[in-house]
DNA sequence: GATGAATGAGGGTTCATTCAT
DNA sequence: GATGAATGAACCCTCATTCAT
């Protein structure tokens, strides 16, 4: 329970560290210097992400990151200026896939509800109980202490995501699917059960599992003014 | 060779620590021993709360807590067994006022919407941008690392709050105010914009201020199937 | 096992602390101020002796001494200037009874062997496995660090004891009981099994109990040139 | 208000710490990594031994050990898990040479007395007033607080030493050199002047120097029933 | 480039000592 | 006189960072 350890108790690695890269006979024997470097960098990022998620920024030890990544401690400093930079770059890197997905599918001709339904279920499946959710929680937990992280997240994820959501809402209002016009001002409302599900998963899943997928459906019913058949 | 230490992005004191107590002798010569002790304990809790909120658990130094509280470092240990205990007791203490408020007034004869409206506005006023919101964010940020804190919070706040909310929702369904019956299964939906507002306030207020009060209103419109006149 | 504790684990009191003095109804209701003070002083000394024996000088906490003595921590300082003074005075005090006994029974008309036999059995009975032995071990353990303690011990116990022993040896030589004349130069030889027994008791009794009484007898046989019947 | 700290009676460094390694670069550029590490480890052990001997376990500061060893504080932790482990490993290490010597030469064809004479003089010369004697005193002083140390010492030194001594005594009894048959039961008797000499050296040498060598001789006279010619 | 031993500034915790009550 | 809350100097141990190999 203590976020800061004492001694070399090791507190049991969060997850078994990735098997040490096979070493001499590497999976990409043809890889160039640069490619090897990029691989190492990526391994460090993965490892650091795991550790930061499990322990938070301050309680994470670069020693653990290094051994999880299968590199020496000094190697981290060949790729990142210091712990803070590692954290910030890692958040950026980790966010890229999320960003891609968010700017994604505006409803071609289909209904807005279908688009949101799709969005919600994707989220329920691919974020709430996955590594992506962990990243979200990490940002929520540490963002206040790392303005640059919060800034980046706001700029790259939040503002874009909300803009996309707003566009969708306006589409829905225009098409009559959505009756509440105020919603366009607060796209956050549409997303909020998603956020709550992510947080719930991190803090309370042990006590009371939450059927995120179903919750999202009820919420969409609210937005689209329908009552589920079930 | 020397290791340069840096903590998060901000090294400066979060707020100027309380000015050293001014009186040359004792500030409250009339208070009893026990009263003085209770005062000191409270001062420590206040100071620790500030520091934990500002830096997170692991990055908070008890040295800072002590000087902010105007006591010596050793004094903290007269009141709390260690840093972790301080943190946990502090969360408990800080939550008590919130708890009282939550078990609060079910709608006497008034409408459910009025009750929720009241709840939401109270929250917007007294939590989102206040110390209470900070505490919530602190729990969200550290809860995963402190199961006992998450447990306590779930037991004393979340489960009670949701039960109360569910009761209200069922009342609303019974009275016809609320049409979506699924809502009773997911009281979280009703609360989620509140959570989002609190988080937003902590991370993004700088970039885009959020009118929480107004957002809550729109959300209630959704729930009660109305569109505000305004 | 650690000689220095961590936390308030208390490491289990060495022996159950003496029952708190009955307080209001004291065993000596007529005792004067001064008598009460002397009692307290004595209680502190007893308690401190227990603790110093159990943990050594440096690892003993005055807190423990105070609670074992049933007084407040500050009270110790009314009787002793500081921890070191307490230790030194305590050794002096604890040694007084021993000293009396040592200057004791020169053989009136009886044989020297009888006198030594008596000395040895008294030692075996009243020192080796008792509190007095603990005190000896304490001095052996800490003496090097406290010259004044070693000085005092040498002056009051060792030199006197050896002088007495030498006188006895010379008596034995004169009477023909002891044949080895060199012994008078090294009375330590006569005493050495006693010292070894005390140390053995403290360190190795667990592994191999030592019949000190029997060992002393064999040693006397050596000195008096006899062979035991058994 | 301020607490004044004093340690035992001597605050000054026990001996001037080893002069900072002189060479501007590295003192032994040719030595391998592993060799350097072993050297450092050894330096730490030496330094720690000095400090533990001089101050006892609890009063020894790892800071002092580090600077005496010419390393940084953290370096100690690269070689030893903590202070207690350092202490225990150091005792083990320090004992190894003694052990070798003890299992040593039973009398080939020579007399038992010659063997014991040799043992005693070797002890007088190489232990009583040397570092080895300091180690013995350290064990006597701290053994009670460190069962594992006492155990190790008993197992590796005491029981072996006594077994060897008993064998020698039995040889002497068989050959008629030793008349007292009870001695075989208590080899401790033969060794006890040695122990006393070591302790005397540590505590009372200042007051009254002891000619250990001569004392041992007298004691052997006792055992072998002779009176020295001299 | 990669390594990991070495560094040393901290930070949590302890405890001898003081002093207002 | 007696108390015990308060103090703050130490001390053990950790870990980000450096740099010789």
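For residue C:112, indicate whether it is buried (at least 18 other Cβ atoms within 10 Å of the Cβ) and closer than 28 Å to residue D:135 by Cβ.
No, not satisfied.
Are there any pairs with C-beta distances below 6 angstrom linking a residue in the range C:183-196 that is facing another protein chain (nearest Cβ under 7 Å) to a residue that is assigned to a helix (DSSP H, G or I) and surrounded by fewer than 21 Cβ atoms within 10 Å (Cβ to Cβ), with the two at least 6 apart or on different chains, and if so which?
Final answer for the pair search is C:196/D:195.
Within the range A:211-229, track down each residue that is more than 7 Å from chain B (Cβ to nearest Cβ) and touching a helix residue (DSSP H, G or I) at 6+ places or on another chain (Cβ under 8 Å).
Across the range A:211-229, the qualifying residues are A:212, A:213, A:214, A:216, A:217, A:220, A:224.
Yes/no matrix, rows are residues, columns are (1) outside any helix (DSSP H, G or I); (2) more than 9 Å from chain B (Cβ to nearest Cβ); (3) more than 14 Å from DNA strand E (Cβ to nearest atom):
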{"position": "A:51", "(1), (2), (3)": "no, yes, yes"}
{"position": "A:59", "(1), (2), (3)": "yes, no, no"}
{"position": "A:65", "(1), (2), (3)": "no, yes, no"}
{"position": "A:75", "(1), (2), (3)": "no, yes, no"}
{"position": "A:78", "(1), (2), (3)": "no, yes, no"}
{"position": "A:81", "(1), (2), (3)": "yes, yes, no"}
{"position": "A:86", "(1), (2), (3)": "no, yes, yes"}
{"position": "A:91", "(1), (2), (3)": "no, yes, yes"}
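Tell me, yes or no, whether the range C:107-116 has at least one residue that is more than 13 Å from chain D (Cβ to nearest Cβ), part of a helix (DSSP H, G or I) and within 14 Å of DNA strand E (Cβ to nearest atom).
Narrowing the range C:107-116 to residues more than 13 Å from chain D (Cβ to nearest Cβ): C:107-116.
When the remaining residues are screened for being part of a helix (DSSP H, G or I), the result is C:112-116.
Next cut, within 14 Å of DNA strand E (Cβ to nearest atom) only: none.
No, the conditions are met nowhere in the range C:107-116.
Quick one: is residue C:176 more than 8 Å from chain D (Cβ to nearest Cβ), within 18 Å of the chain's Cα centre (by Cα) and free of Cβ contacts under 8 Å to residues at least 60 places away in the same chain?
Working: more than 8 Å from chain D (Cβ to nearest Cβ): yes; within 18 Å of the chain's Cα centre (by Cα): no; free of Cβ contacts under 8 Å to residues at least 60 places away in the same chain: yes.
Criteria not met by residue C:176.
Of the conditions (1) outside any helix (DSSP H, G or I); (2) away from chain B (no Cβ under 14 Å); (3) away from DNA strand E (no atom under 12 Å from the Cβ), residue A:71 fails just one. Which one is it?
Only one criterion in (1) outside any helix (DSSP H, G or I); (2) away from chain B (no Cβ under 14 Å); (3) away from DNA strand E (no atom under 12 Å from the Cβ) is unmet by residue A:71, namely (3).
Residues to consider are C:149, C:198, C:140; find the one that is farther than 19 Å from residue C:215 by Cβ and either over 13 Å from the mean Cα position of the chain (by Cα) or assigned to a helix (DSSP H, G or I) (or both).
On the way: C:198 fails: farther than 19 Å from residue C:215 by Cβ; C:140 fails: farther than 19 Å from residue C:215 by Cβ.
Going through C:149, C:198, C:140 in turn, the sole match is C:149.
Which ones in the range A:136-163 are more than 7 Å from chain B (Cβ to nearest Cβ) and more than 21 Å from residue B:56 (Cβ to Cβ)?
A:155, A:156, A:157, A:159, A:160, A:161, A:162, A:163
Of the residues that sit in the range A:164-173 and are over 16 Å from residue A:220 (Cβ atoms) and in contact with a helix residue (DSSP H, G or I) (Cβ under 6 Å, 6 or more places away or on another chain), which one is nearest to the other protein chains (Cβ to nearest Cβ)?
A:166
Is it the case that residue D:95 is under 16 Å from the mean Cα position of the chain (by Cα) and touching a residue at least 40 places away in the same chain (Cβ under 8 Å)?
Yes, satisfied.
Could you go through the range D:117-127 and let me know if any residue there is touching a residue at least 24 places away in the same chain (Cβ under 8 Å) and at the interface with chain C (Cβ under 9 Å from one of its Cβ atoms).
No, the range D:117-127 contains no residue that is touching a residue at least 24 places away in the same chain (Cβ under 8 Å) and at the interface with chain C (Cβ under 9 Å from one of its Cβ atoms).
In the range A:57-88, what residues are within 30 Å of residue A:165 (Cα to Cα) and either more than 13 Å from DNA strand F (Cβ to nearest atom) or at pLDDT below 90 (or both)?
The answer is none; no residue qualifies.
Right, residue C:205: closer than 23 Å to residue D:179 by Cα and either more than 8 Å from every other protein chain (Cβ to nearest Cβ) or in contact with a helix residue (DSSP H, G or I) (Cβ under 6 Å, 6 or more places away or on another chain) (or both) or not?
Spelling it out, it is not the case that residue C:205 is closer than 23 Å to residue D:179 by Cα and either more than 8 Å from every other protein chain (Cβ to nearest Cβ) or in contact with a helix residue (DSSP H, G or I) (Cβ under 6 Å, 6 or more places away or on another chain) (or both).
The values are calculated or read from the model by the stated rules, or taken from the named source; none is laboratory data. In this text the structure is predicted, and so the values were computed from the model without any measurement. Backbone-built Cβ (ideal geometry, glycine too); neighbour counts: all protein chains shown.
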